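Here is the structure we will look at.
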Amino acid sequence: MLYSTHDLVAIIPELILTGFAFAILLIDLWLPKRAKTINGLLALFGVVFSFASVLTMYNTNMTAFNHMIVMDRASNFASIVMLLTAFVAIVMSFDFLKREDYNFGEYYEVLLFSIVAMEILASTYSLIVMFIAVETLSIGMYILTGFLRNKDESVEGAMKYFILGSFASTFLVLGIGMFYGLFGSTDLNVIRAGLTHASSFYKWIAILAFIFVFVGFGFKIAAFPFHSWTPDVYASAPTPMSAFMSVAPKAAAFLALLRFVAVGMGPIEANWTKILWIIAVATMTFGNMVALWQKDLKRLLGYSSIAHAGYMLVGIVAANELGYGAVMFYLFAYLFMNLGAFAVAEFISQKEDRGTEIENLRGFGYKYPLIGAAMLVFMFCLAGVPPTAGFVGKYYLFSAAVKSHLYWLAIIGVINSAISAYFYLNIVVVMYMKGEQEREVKVFNSIPVKAVILITAICVLYIGIFPSSFLSAALNSIIF
Amino acid sequence: MDMNQLHFPILSVITFLPLVGAFVVALINEEHENLIRYVTFGFLALDFIISIPLFFYFDPATYHMQFVERVPWIKSLGFQYYVGVDGISLFLVLLTTFLTPLAQLSTWKAINKKVKLFNITILLMQTGMLGVFISLDMFLFYVFWEVQLIPMYMMIGIWGGPNRVFATMKFFLYTFAGSVMMMVAIMALYFLHHKFTGTYTSDIVKLMQSPLPYHLQMWLFLAFFIAFAIKVPMWPFHTWLPWAHVEAPTAGSVLLAGILLKMGTYGFLRFNLPMFPDMTHAFALLIIILAIIGIFYGAFVAMVQPDIKKLVAYSSVSHLGYSMLGMFALTQVGVEGSIMQMINHGISTGALFLLVGIVYERRHTRLISEYGGLASLTPAYAAFFMIFTLSSIAVPGTNGFIGEFMVLLGAFLDKHILGILVAFGGIFSATYMLTMYKRVFFNKVTNPKNLGLPDMNIREWLYLAPLLVFVFWIGIYPNTFLSKMRVSVEHLLKQVNRTTVVTPAKNEQISMVKTVVVKKG
């Protein structure tokens, strides 16, 4: 036998998801239209079981399939982030798909497959496996972006995403090819060993290859200048999917990037930190500057997610354990604040997934006191004001930079925080300080969505006030 | 070293009781507005009563932190929930617990929409403000420092005047931009302390002994300086203040002037002076110059204000200039005077804002020209206003005199010319305050709208009378207060005058600047 059962243990979480995805595919055929929600429940169960398996195996450290797949605390931590995101996104989708009359099983099935790809992306040291995982998850994301296929914007967004994504992938595969040409392997450990003794000419080629590979990852995490798909896709995709896309693929891509730079590119650290320094600064500054002018909540969150990717890159540029741990922690914190904010966007959205203009939030804080208060918490959290998870996350990211003596990076980071406070607080202004809404705005009165908003708000505050155990988990997950 | 003589977490109780109150108020139905007001006031009054033992059990013979509580918080980085007070923060804590219930009492009529949200906001603000003054862990300090921005932001933005959105955004962004610089400095201090001593700590008391080299002290000092100077606010960082004050509701102005601004001056005493002694000496003159500019600038601008509230707001810039001057004179009497000035400003300016609120509530205007001859219509009101005006311009017998005199004496002992120069500032403050008083209260009643203006009611008496007591108590027998801060201030100055270990030779003359320490009898 080519693979032993031992190998399969390492991919149990993925196998569970795959199993449920196939189950949905089959069961969907017999389900009458009004019972399609069962698909969603099945997907939810799949996520829960996968989550449980990740938790039980949290501390295992094993490699499988000839070192192609690893399962370690880092991959498990990222899996937890992705599965929580998926859970919330599925809960947000129940009533949404009913409202839009798009209640098809394929939605959940594609979602589950894409999570499988993300988990694989997060648990490998092999560039070629990373490439396959990136491609697989991207296909899922393209489909889900254009899922409302009668809505022009949605299809346009999907097309844009697809074309730009394919373009970025070619760079990724080119970079991987160059590494293979240089060192005869796509395994990051081998590349590292090769780089350690490489001549300076090889090193320069490796830097070029690094840039190509980074284009691929940069596209996934929406780093400047590979960000341009983000606002369109976030604004046009079904809201639960925008929420999902803003967190889960990023978590996977960030961990893959971490493995790539920390393990594979260790010997040329001095070079890549300089490149990423510039990219981090450009990403956060660009995201925040453009977000200042946005009128639509989903689009604003799209630009803000670019800025947040910039903050997380700060942790990578710091190139120390605190920084890497801070990136993981930030992903965890970001999951709650961003999903919450997107859930509010869904709450105010109208049929055909429209009506998410910020102006529609006028007087929102008084009409819906609890949900308004939750949105207030999300906005302060995204701006990085205590006592929220966003503050703690930013504090560690920037203090990692300070630890590596990157004072300017930290200062640019905090100035960006201050700039971003303007547009996040502007939403609070609209909600509380601009008087009542003149015309009646109908909201999407879905109980699961409301539950998501309130629970994520509580989580954001809880993590902000008692971050200790989450932070330890994030710091301990970094073992490379 | 640390002690908690009560064996009871008194500081946590007074800090988080208002938070509990906020939850309780949140549960009350919005329609029971009076019940909400009573419950909120009850919590704030209870908070004050619980804080009184702090004063009586405080041991004035030691500079160590008292009523200390220490619980590990974020273990992987060694951050703690570490709180305590010394002779410097004690009175700021008491000022907060004292002033907030009075401010809340002033809103019973003035705030009549979104009453529930307002009272929740004021309770949350109380927790944030107290947290700043009791924190002895710099991460904890920073958390509270930022947290209290949110309720103030909401208070100005929701219950403020016509330009409230601009004012509150300016307030928030200005302060936030300053504080994030401090955040970087806090991070840097954490790692640099480790570099020079081998231990990671965010314990403020330990960091005060941090042996930092000269050039690093400078950057850290500047970062903290920006954050605190914006908060004080020192000239030229004051531009947010008039906006915030004019647009804020009365209670917001009272708390802003009375307590929030003190966070800036307190920050200097807690961070800049003890942690960066070399830089304190190096920058002292510059800061003194800025403080003096502030004193005169505030007074001159106040002179031409047509709006009473704006006048009082600019007078704050001037008064806190005194506080900064006394502090950076770096003499015992100067620093003590600086702390007295903080307390006095809280009392007098707080009272003046309350008084402005009283007429605004009745007439909905704050323009000086709309009034005139009020003394004959509302005698009790005029009397209160007179006393607080005198206190504000530091007439002997009132609290203002003690603070200003000590500051001037401290400055005089530092450099004679400073004391002499600034003594003239008093003339200007008398000019703008008394002119305003004359135009509002004396002469004949020219505006018919003022006829039939009712005098102060019982509730208004209730919240102004306690302030009056302190005007005279501090004015006549300040030793009650000074005796409790003496040892802490002595210790602070000892820290400021220590020579740090790693000092390059060329800078020696700066760190060796001699300082006169005056023993007050």
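Tabulated values for the structure
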item: Helices (runs of 4 or more DSSP H) contained in segment B:339-429 and holding at least 1 residues within 24 Å of B:Arg270 (Cβ to Cβ) and of a type in the set (S, T, N, Q); result: B:399-414
item: Among (1) over 22 Å from A:Leu257 (Cβ atoms); (2) under 23 Å from the mean Cα position of the chain (by Cα); (3) hydrophobic (A, V, I, L, M, F, W, C), the one test that A:Phe22 misses; result: (2)
item: Residue count, segment A:396-408 (criterion: crowded, with 24+ Cβ neighbours inside 10 Å and more than 7 Å from every other protein chain (Cβ to nearest Cβ)); result: 4
item: Qualifying positions in segment B:150-168 - away from every other protein chain (no Cβ under 11 Å) and of a type in the set (Ser, Thr, Tyr); result: none
item: Some residue of segment A:362-373 being under 29 Å from A:Ala474 (Cα atoms), touching a helix residue (DSSP H, G or I) at 6+ places or on another chain (Cβ under 8 Å) and aliphatic (A, V, I, L, M); result: yes
item: Pair list, Cβ < 7 Å and 6+ apart or interchain, from segment A:452-480 residues that are more than 10 Å from chain B (Cβ to nearest Cβ) to residues that are not in a helix (DSSP H, G or I); result: A:Val460/A:Thr388; A:Leu461/A:Pro387; A:Leu461/A:Thr388; A:Ile479/A:Asp72
item: When residues of segment B:1-41 are limited to those that are touching a residue at least 40 places away in the same chain (Cβ under 8 Å) and aromatic (Phe, Trp, Tyr), the one surrounded by the most Cβ atoms within 10 Å (Cβ to Cβ); result: B:Phe41
item: Enumeration of residues in segment B:74-86 that are modelled with pLDDT under 90 and not polar (S, T, N, Q); result: B:Ile74, B:Lys75, B:Leu77, B:Gly78
item: From the options B:Val147, B:Val115, B:Val205, B:Val143, residue that is surrounded by fewer than 24 Cβ atoms within 10 Å (Cβ to Cβ), touching a Pro at 6+ places or on another chain (Cβ under 8 Å) and either within 30 Å of B:Val68 (Cα to Cα) or not small (Gly, Ala, Ser) (or both); result: B:Val147
item: Condition broken by B:Gly258, with the remaining ones in (1) in contact with a strand residue (DSSP E or B) (Cβ under 7 Å, 6 or more places away or on another chain); (2) farther than 16 Å from B:Val496 by Cβ; (3) not hydroxyl-bearing (Ser, Thr, Tyr) satisfied; result: (1)
item: Yes/no for A:Tyr432 being aromatic (Phe, Trp, Tyr) and at the interface with another protein chain (Cβ under 10 Å from one of its Cβ atoms); result: yes
item: In segment B:169-208, the residues that are more than 11 Å from every other protein chain (Cβ to nearest Cβ) and without any contact (Cβ under 8 Å) to a residue 24 or more places away in the chain; result: B:His193, B:Thr197, B:Gly198, B:Thr199, B:Lys206
item: Options B:Ala465, B:Ala394: the member that is of a type in the set (Gly, Ala, Ser) and within 18 Å of B:Gly321 (Cβ to Cβ); result: B:Ala394
item: Any hit, segment B:42-54, residues being in contact (Cβ under 8 Å) with a residue 12 or more places away in the chain, outside any helix (DSSP H, G or I) and touching a helix residue (DSSP H, G or I) at 6+ places or on another chain (Cβ under 6 Å); result: no
item: Considering residues of segment B:57-71 that are under 19 Å from B:Thr15 (Cα atoms) and among the aromatic types (Phe, Trp, Tyr) only, the residue nearest to the other protein chains (Cβ to nearest Cβ); result: B:Phe67
item: Helices (runs of 4 or more DSSP H) wholly inside segment A:269-375 that include at least 1 residues being of a type in the set (S, T, N, Q) and within 20 Å of A:Val443 (Cα to Cα); result: A:321-348
item: Test for B:Val147: is it farther than 22 Å from B:Gly357 by Cα and within 9 Å of chain A (Cβ to nearest Cβ); result: yes
item: Complete set of residues in segment A:183-222 that are without any contact (Cβ under 8 Å) to a residue 24 or more places away in the chain, aromatic (Phe, Trp, Tyr) and crowded, with 16+ Cβ neighbours inside 10 Å; result: A:Phe183
item: Residues located in segment A:276-313, provided they are over 21 Å from A:Glu346 (Cα atoms) and polar (S, T, N, Q); result: A:Thr283, A:Thr285, A:Asn288
item: Filter result (within 14 Å of another protein chain (Cβ to nearest Cβ), over 18 Å from B:Pro151 (Cβ atoms) and in contact with a Lys or Arg (Cβ under 8 Å, 6 or more places away or on another chain)) within segment B:72-131; result: B:Gln80, B:Tyr81
item: Any chance B:Lys520 is at pLDDT below 90, within 24 Å of B:Leu354 (Cα to Cα) and out of contact with any Gly (no Cβ under 8 Å at 6 or more places or on another chain); result: no
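The values are calculated or read from the model by the stated rules, or taken from the named source; none is laboratory data. Please read these numbers as outputs of a predicted model, since none were measured by experiment. As a convention, Cβ positions derive from the backbone with ideal geometry for all residues, glycine included, and neighbour counts pool all protein chains shown.
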